[in-house]
Every structure is written in C-alpha cells, then in structure tokens.
Amino acid sequence: MISSYSSSDPTTQIFQGTKNQIIQENPAMDSPQTRKPGLNLPTGMSETSLRLESFSGSFRAISNLSSPSKSSTCSDRFIPCRSSSRLHTFGLNDKASPVKEGGNEAYARLLKSELFGSDFGSFSPAGGGGGVPSPLSPSKNMLRFKTDHSAPNSPYSPSILRNDSGFSNESLTPPKPPRKVPKTPHKVLDAPSLQDDFYLNLVDWSSQNVLAVGLGTCVYLWSASNSKVTKLCDLGPNDGVCSVQWTKEGSYLSIGTNLGRVQVWDGTQCKRVRTMGGHQTRTGVLAWNSRILASGSRDRNILQHDLRVSNDCISKLVGHKSEVCGLKWSNDDRELASGGNDNQLLVWNQHSQQPALRLTEHTAAVKAIAWSPHQSGLLVSGGGTADRCIRFWNTTNGHQLNSIDTGSQVCNLAWSKNVNEIVSTHGYSQNQIMVWKYPSMGKVATLTGHSMRVLYLAMSPDGQTIVTGAGDETLRFWNVFPSVKTHTPVKDTGLWSLGRTQIR
C-alpha cells in the first residue's frame, strides 16, 4: 500500500516505525489465523483504502470505509451536523422550559435562529400523546432551540422581512419618540399676596404679550417683551381683585371685584374706562367674546355686559345653584360654557336664557373649562377634589366622549392652538402640571415645581409658553408647546433670564 512513497521520505519512515511498534506491542494479534501482512486494520477496511498525502511537511490519513449498504468518506475529525443528526428523535424533554420572569422570548427566538440556523425552526411541536415522537413531528428537546410557531413572530424574525409575512414595511418603522418638554420653568416671578382661592381667576395673558396679575387689592401688568412691571390700579382697602380678563384684541382689561363690580381699564393708558354693577357679591370669573363680556359671581348668576350700550348688563343667565367659578366662550362666540360649585356644567346659546345643555356627571366643583380650537363643538371640563376627572363633551348632542381620572383636583385646562394637546393644572394632592395628547390622552409631560395648588393658568399669544400661579406666591413660565411652523421643541428665546424677579 505504501510502495508508492519512497522509503527515504521522512514521513513514510515515521509511519512505518509506528506500524512496527504497534505490531510488536500486540503479539496476540499476530496469530497465524488472523495475521495479515501490513497494518492491522478494522473489519471492512483494506490496505488499498489507506493512503498518505503529504502537505508541507505534515501528513493526513484518509480512509475509505465501505459498508454493505452505504459508502461514505471519513476523516480524522468528526464535525457533527445538527440537521442530519436527528437529535429531536431522542425526545429528551416534552415539556417547555419555564420562561424566567421578565424574559424576552422574541430575543430568544432570534438568538436561536442566528446560532442554529433556520432548519431548527421548520418543525412544528409534537401533538399530544405519549411515546417517542416521529422525526417529522418531533417534541421539543432540552435546549428548545426550535422555533415556537404558536407564539407571535419576533419583530426581528427574518420571516417578517420577507414578502410572505402579513406585515407591511411600515410596521417595521420605529415609533416616533415623544416630544421633549423642559421639566423646569425658564422664568419665575415672585407674586406676593397671590391668593390661594380655588374660585378666583387672577392671571391672564393678552394678545399683545402683557401679563395681568391680581395681587390683593392691586392689578399689575408685566410685559413679556421687556420684563417691565406696571401697576395698573389699586381698589383700596375696602375691595379686592377676584378676577382679570383681557379682551381678544388685548387693549382693554376687565377686573372683577370683591364687591361685585366689573371694571374695564385701558391697558395702554392705564385709565379706567367704565364700572358696571349688577352682582350682589364677588365676581370671581370673567369671559370676553368679540363684543360681550360675561361675568360669574358667588350670587349664582351670570351677567352679560355690552360696552356699546349704557346699561350695566344686557341679559342675566340663571341656572347654577351655587357660585359660578368657570366661564368660557366657544371660538365662534355662539356658545358659553359655565361651571359652578354645584358640580354642574352648563352650555348656553344666544337664543335662550335657559341652558341648552345641563351636564351633571362631575361630582365636584367645575372651574376648569376649555373649548377645542381644532374641532367645533368639542368641550373639555375638569372637576375638583372629589371628582378629579377630565371629561370631554360633544355639545351638539350633549354626549360625553371620554373621561380620564387624573388622580388630583383639576384647577385649569387650556387647549393648545398649535397642536392638538391639552395642558391641565392640578391641586390636591400632587400640585402638578400635565400635558396630554388628544384624543389618545397619552401623557406628554408632567411638570412639578409649585409647592401649593396650581390655581392659575394662562397661555402666551404665540401658544408656546404657559404661565402658572399658585398659593406659594410664585408665577412660573414653562415652554410646553411647539410653534405652529416647525412643530419642534420650543427653545428659550433669550429674552428672559433664568433668575427670579418680583412682579411688583
């Protein structure tokens, strides 16, 4: 067999020495009956099937084993092939391995597919019954590297990437990250004597970028453009400020007083234009539309005033059984929503002095009211401590569309005109500010910083910044909404420092 190689070949000499040594150390094999010239080979292997091949000074033995049924080529190394070894026929474990708490089965399937290939995911789990499963329907083995077809496919599975899956390419697009809202105010103003009274409305921001704040018996104007503070008026020791509200043009400011009067001031000239009566006690809420000023009072009445006529009021709306603390005109000026301490939300129109809708689902005072600037007839309201819910209404038919329990007293609501989002301020017990995505009502941001109930809320004319006030005698400015054009997070304009200043 080895005659084809020269005896001078060092490789051949080593092999022959090894052969002779094996024969000498095994004399029992050298019997007349079994002894054959050459090497002692296993049954079924002939000397002609063994040859040596020299590669760069090394040798490799190759043998051809023949069997009655099948011939195959073997080498000195055995590399198992899982796909042909039929490990699944052993049925080592019929039960699925327990998944650890918090385990990611999708990741496990992906890892197994990458390590062992897709061949091991082609078998379906074996059906019920005992015995050894057939190779065509094997049971799960101990390592459980086969794909579990009963479970939902991994989002990273190769089958999803192919066209035979039921998923479109759009499903592979990662979700858009939520918009980032700064968690801290970019401006804080000290507001001494800012009252901690749920039923008052002491802060409003004009379309000319001037903030009006009622502090005790005085009203102060703060210009957001240059941070200039102006004292507008002082009602004297016998009266007090209960509410402030700018006209839509931002030129005139109405002031509700503790004695039940309504004063109108020219904000530019700092001059009082008119004083109107009609209420028996404090006027805690005001609301302007294009021509009419509505005022709500503790006397449970709503008065409508028109500056073009000499009379103090042109109509009186009676429907609440307790103090009126919330008033908002719809964007088309056709409907007026009012909330009261009687837990009622009423909707009025121009054709009757009786409420068109009487909504009684709230179980606490309704101060927070806002109309959607994006959809006609969509109204949102919030209840006090015993209710804590934000409710959405279709004022066309009076149906409640949705209700969200916020977990704390709802003090104010404002609808962004730039995006379809809502901001709410809260009192007991968390004193937080929350931004919501409508209509999903997913939380965009939760802002904290006030140490007392966030009773006051106003929005800047560009719709990007809100100001909040609380009984902790501070006003805090927050960038919460994007601009109309860019829809990107709002950045500090640089006009306001991060320092803390006083409003008076």
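The values are calculated or read from the model by the stated rules, or taken from the named source; none is laboratory data. Please read all numbers here as calculations on a predicted model, not as lab measurements. Here Cβ is always computed from backbone atoms with ideal geometry, including for glycine, and neighbour counts include all displayed protein chains. The area values use the complete protein model at the heavy-atom level, side chains included, leaving out ligands, DNA and RNA. Shrake-Rupley method; radii C 1.70, N 1.55, O 1.52, S 1.80 Å.
Sequence-distant contacts, meaning Cα pairs under 8 Å at least 6 residues apart, place the relative contact order of region 198-318 at 17 percent. Here Tyr220 sits with roughly 20 square angstrom of accessible surface, probe radius 1.4 Å.
Computed over region 198-318, the P(r) curve from all C-alpha pair distances, binned at 5 Å from the origin, holds 2, 12, 24, 26, 20, 11, 4, 1, 0 percent per bin.
Here Lys367 sits with roughly 10 square angstrom of accessible surface, probe radius 1.4 Å. Ligands, DNA and RNA excluded, the heavy atoms of Thr406 present near 20 Å² of accessible surface to a 1.4 Å solvent probe. Dividing the mean sequence gap of close Cα pairs (under 8 Å, 6+ apart) by how many residues region 180-245 holds gives a relative contact order of 28 percent. Residues Phe198, Phe116, ordered by accessible area of protein heavy atoms at a 1.4 angstrom probe radius and largest first, appear as Phe116, Phe198.
Remind me, relative contact order of region 363-460 in percent, using alpha carbon pairs under 8 angstrom and six or more residues apart?
Once divided by the residue count of region 363-460, the mean separation gives 20 percent.
Applying both filters, DSSP loop and at most 15 other Cβ atoms within 10 Å, to the trypsin sites (Lys or Arg not before Pro) of region 208-249 gives Lys228, Lys248.
For region 198-318, the Cβ-based charge dipole about the Cα centre amounts to some 100 debye (Lys, Arg positive; Asp, Glu negative; other atoms uncharged). Here the 3J(HN,Hα) profile of region 230-244, calculated from phi with Karplus coefficients 6.51, -1.76 and 1.60 at θ = phi - 60°, is 10, 8, 7, 7, 9, 7, x, x, 9, 9, x, 8, 10, 7, 9 Hz, Gly and Pro shown as x. Positive contributions from Lys and Arg (+1) and negative ones from Asp and Glu (-1), summed over other residues with Cβ under 9 Å from the Cβ of Cys411, come out at +2. Within the shell of other residues whose beta carbon sits under 10 angstrom from the beta carbon of Met452, the net charge comes to -2, with Lys and Arg scored +1 and Asp and Glu -1. For region 290-333 versus region 378-401, the spacing of their alpha-carbon centroids is 21 Å. Here, region 261-302 is characterised by an Rg to Rh ratio of 1.00, where Rg is the alpha-carbon radius of gyration and Rh the Kirkwood radius. Summarising the label geometry, the points placed 7 Å from Cα in the beta-carbon direction at Cys270 and Asp306 lie 3.4 nm from one another. For a 28 Å ceiling on Cα separation, which of these pairs sit above it: Lys367/Lys443; Lys271/Lys417; Lys187/Lys231; Lys228/Lys367; Lys248/Lys443? The answer is Lys271/Lys417; Lys228/Lys367; Lys248/Lys443.
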